[in-house]
Amino acid sequence: MAELNSKLNLKLSLNFLTLKDFDFKNKKVLVRVDFNVPLDENLNVTNDKRIKESLSTLTYVLEQGAKQVILMSHLGRPDGRIVEKYRLTPVAKRLEQLLRQKVALTEDCIDIKLPDAKNSRVVLLENLRFHPEEEKNDEAFAKKLASYADVYVNDGFGVSHRAHASVHAITRFLPSCAGFLVEKELTVMGKAMINPDKPFIAILGGAKVADKIKLIDNLLAKCDKILIGGAMAYTFYRAQGFSTGASKVDEDGIEVASDLLKKSGKLVSKDANKIILPVDNVVADKFDENANTDTVAIKDIDSGWMGMDIGPLTIDKYKEILKTSKTVLWNGPLGVFEMKKFSRGTEEIAKYLAQLTGKGVTTIIGGGDSAAAVEKFGLSSKFTHVSTGGGASLEFFEGKELPGIKALEDSYNKSITKKNSGKKKKKK
Ligand code: AMP
């Protein structure tokens, strides 16, 4: 943790142990990873980013001489029962290829005898969510998982916003620390939230405003500017009384958008709002790749037409604003990037951010759809950080406490208290 603080050059309120604080020699190490990866209909892993991101922790623990590494993850939403298509078999196969060593997949995650450590140094437990106790944060379930090992590592950032047994309750039963991935996510994103190099600009897109109120609110206090795109823009326009044709509008978010705009104006001078909206849009006559399209100013969206992407003037305007930035956080695509015709805004801004990264700007891509978009454009490696956690990174940027991280802090504080009370007893 000291290392994390010095990297950030600040005192974070986070206080937990990391891998470097432990001696793993001859230890059995239980690692919570997030291998909830997409599969195709033939159950092939179609995106292995999350598996790859776990490798630095796994390799480190193995190199340090761990006796056995026991991995645990969930996959999909089996809702507490065995669902064949959510077995971790394809994940074990891919991990085996990436790690270049045997990975033994167990038939269940609890009430089993683990394979012998001599023949199976890497073990993957079957899907945790085949048991309802996992999502209920059940103590007895966590205790059973903990019984497999001497040390617990949380390297599943994507599940750290969940108070689930393998993320939360388990820290009560084993010495616990964060893995390299969790440490990296918190280091980069923590700096942006606490002490960003300025100007700090956020780019927000996607569909819903109501879902992102807390995020926008928190960012209004921290960012110099917030550039809006995606369907979210039309909710903001409706809040100003513009007609938005058939564009997707989050009706529940209109009032919220209006409040945010008022707040945004108050935070800076009257004619320089913090929230910046698109000045033009690519519109379509239907939600379809083969739709007829046009590019229009925001006030000119006729009924029957819908905004599908930010227009060229907006792209240029946003690039101009981003030019001077030192930190950029991006959450949510700027258009319907899944359709080629409407992916230009998202792609051009992604490419521009990649260029800025090369010039030393810190660029952070929140997980979920934004991560999927940059992946689609083949740009994933071109940013300072692409988060592996959609929901987790969103909650982190909303300023919420992540239960999985809080559990690591509690475990650390408990170990300190125990150490100190031991010392006092000795003195007596
Ligand atoms: P969210 O989950 O709120 O981040 O929304 C992501 C989704 O917003 C993606 O699937 C995009 O296709 C969609 N999206 C972005 N721009 C638009 C738009 N102008 N109209 C409709 N959907 C959009």
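The table for this structure:
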{"item": "Meets criteria (touching a strand residue (DSSP E or B) at 6+ places or on another chain (Cβ under 9 Å), among the polar types (S, T, N, Q) and within 16 Å of the ligand (Cβ to nearest atom)) for residue 387", "result": "yes"}
{"item": "Residue under evaluation residue 349, criteria (1) crowded, with 21+ Cβ neighbours inside 10 Å; (2) assigned by TED's automatic domain parsing to the domain that holds residue 213; (3) closer than 28 Å to residue 167 by Cβ, criterion not met", "result": "(3)"}
{"item": "Test set (1) within 22 Å of residue 386 (Cβ to Cβ); (2) out of contact with any Ser or Thr (no Cβ under 6 Å at 6 or more places or on another chain) - residue 178 fails condition number", "result": "(2)"}
{"item": "Condition check for residue 399: surrounded by fewer than 22 Cβ atoms within 10 Å (Cβ to Cβ) and not in a helix (DSSP H, G or I)", "result": "yes"}
{"item": "Among (1) crowded, with 22+ Cβ neighbours inside 10 Å; (2) over 14 Å from residue 33 (Cβ atoms); (3) not polar (S, T, N, Q), the one test that residue 144 misses", "result": "(1)"}
{"item": "Unique residue being away from the ligand (no atom under 14 Å from the Cβ), out of contact with any His (no Cβ under 7 Å at 6 or more places or on another chain), closer than 19 Å to residue 380 by Cα and assigned to a loop (DSSP other than H, G, I, E, B) when the list is 335, 360, 304", "result": "360"}
{"item": "Boolean, residue 345 is at pLDDT 95 or above, over 23 Å from residue 198 (Cα atoms) and within 16 Å of the ligand (Cβ to nearest atom)", "result": "yes"}
{"item": "Among residues of the range 344-387, those that are closer than 14 Å to residue 319 by Cα and without any contact (Cβ under 8 Å) to a residue 24 or more places away in the chain, counted", "result": "1"}
{"item": "Any hit, the range 210-232, residues being within 16 Å of the ligand (Cβ to nearest atom), at pLDDT below 95 and basic (Lys, Arg)", "result": "yes"}
{"item": "Candidate set: the range 307-332, residues that are part of a helix (DSSP H, G or I) and acidic (Asp, Glu); chosen: the one surrounded by the most Cβ atoms within 10 Å (Cβ to Cβ)", "result": "316"}
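The values are calculated or read from the model by the stated rules, or taken from the named source; none is laboratory data. The model shown is predicted, which means the values in this text are computed figures rather than measured ones. Positions of Cβ are backbone-derived with ideal geometry, glycine not excepted, and every protein chain shown enters the neighbour counts.
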